[in-house]
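Before any comments, here is the structure.
The values are calculated or read from the model by the stated rules, or taken from the named source; none is laboratory data. Please read all numbers here as calculations on a predicted model, not as lab measurements. Methodologically, a virtual Cβ is constructed for each residue, glycine included, from the backbone with ideal geometry; neighbour enumeration extends over all protein chains shown.
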Amino acid sequence: MTINRMENEPMTYTQALQELETIVARMQAPDCDIDLLSKYTMRALELLKYCKQKLTRTDEEIRRCLDELNAGAES
């Protein structure tokens, strides 16, 4: 179910989002295997947590950059 990538290569936000979209499509399909719903849900939760973490980290980095820029402008 995971996107093809090298074992040690970290997943990108875009890859995680694409995998989430694939999972949602599978879950919404009329022929979705009920026995796989739990597996899909667990993987989706992992991906959502990962995406949230990436977004939070990116937001923090941008805020630090802006703070640094603003501090430089005040000097």
Which pairs do you get when a residue that is closer than 16 Å to Thr14 by Cβ and touching a residue at least 12 places away in the same chain (Cβ under 8 Å), found in the range 35-51, comes within reach of a residue that is small (Gly, Ala, Ser) and surrounded by 12 or more Cβ atoms within 10 Å (Cβ to Cβ), reach meaning Cβ atoms under 8 angstrom, with the pair 6+ apart or on two chains?
Leu47/Ala16; Tyr50/Ala16; Cys51/Ala16
For the condition modelled with pLDDT of 95 or more, touching a helix residue (DSSP H, G or I) at 6+ places or on another chain (Cβ under 9 Å) and assigned to a helix (DSSP H, G or I), what is the one hit in Thr41, Thr22, Thr14?
Thr41
Here is a check on your reading of the model: is Glu60 surrounded by fewer than 11 Cβ atoms within 10 Å (Cβ to Cβ), of a type outside the set (Lys, Arg) and modelled with pLDDT under 90?
no
Limited to the range 25-38, what total is found for residues that are of a type in the set (Gly, Ala, Ser) and part of a loop (DSSP other than H, G, I, E, B)?
1
